[in-house]
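Report on the following structure.
The values are calculated or read from the model by the stated rules, or taken from the named source; none is laboratory data. Note that the structure is a prediction, hence the values are computed from the model and not measured. Reconstructed Cβ throughout: ideal geometry from the backbone, glycine too, with neighbour counts over all protein chains shown. With ligands, DNA and RNA removed, areas are computed over all heavy atoms of the protein, side chains included. Shrake-Rupley method; radii C 1.70, N 1.55, O 1.52, S 1.80 Å.
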Amino acid sequence: MIISDTHMKQFEEGKMLIKKGGDGDENAVNKANEIFSKLHKASPDNALIEAYYGTTMLLIARNKISPLSRLKETTAGMKILDEAVSADPENSRIRLLRGRAAYRLPEKYFQRTQTAIEDYTFLIDREMQKEDFLNTEKYLQVNYELGEAYSRIGRNQDATMCWNNLINETQDTDFLLLLKLKLRSVEGKLVVEHNPNSESPISTLIRRTIHATGSEIIHLMDGKHFQ
């Protein structure tokens, strides 16, 4: 995905601001959103810019006080990321951006864990084909979070496979201990089990209210999942 020289400086600046925003700098989030909003308008067919724009919207959502505002921005951000993946499904960077976003969303409100699994599996398959897009640390993280995603939706055998594979990939004693604890947490469980997504009374009320207004958005997110 080619970015013109004119926009490259702004693009790199926006990426740095996103990193700062991820560390809690709200002002950096707003600046990054402004940059990628303008870049997206200037290059609407550039899927990578679109993906970063969607990412800034998710960071903005994290900083919203109102649950409904947070809900609106999160849903809009994920929609943009979905469109970016549809436009360029073979782009590993876009897949990583959407996969991380989907992984961080609470499953009981958004049901996007399967999206994270799809994107992380894509990335791991690419690395197995020697794409070398992920460095060692990111590769281990993606594999670990894939296991977490499988566990989240009750696919215990798949989670076990991910974590067992990682044991052979690292010598870090703390990480090995964590993996063993994770494996113990699914030991003896069904290969696949149903994990019901129970809603809190307030989320149920908001879901019904939003549905009554004709919106397709029916789930509420908890801000702590974006910390």
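Here are a few things to note about the model shown:
- Unit charges on C-beta of K, R, D, E only; dipole of the stretch 5-44, Debye: 120
- Alpha carbon convex hull of the stretch 39-138, volume per residue in cubic angstrom: 105
- LEU58, LEU178, ranked by accessible area, largest first (probe 1.4 Å): LEU178, LEU58
- Unsatisfied cross-links (Cα-Cα over 21 Å) in the set LYS64/LYS138; LYS9/LYS130; LYS138/LYS182; LYS41/LYS138: LYS64/LYS138; LYS9/LYS130; LYS41/LYS138
- Among the GluC sites (Glu not before Pro) within the stretch 49-125, those in coil by DSSP and having at most 10 neighbouring Cβ atoms inside 10 Å are GLU90.
- Peptides 181-189, 149-157, 11-19, 165-173 ranked from most to least packed, by the mean per-residue count of other Cβ atoms within 10 Å: 149-157, 11-19, 181-189, 165-173.
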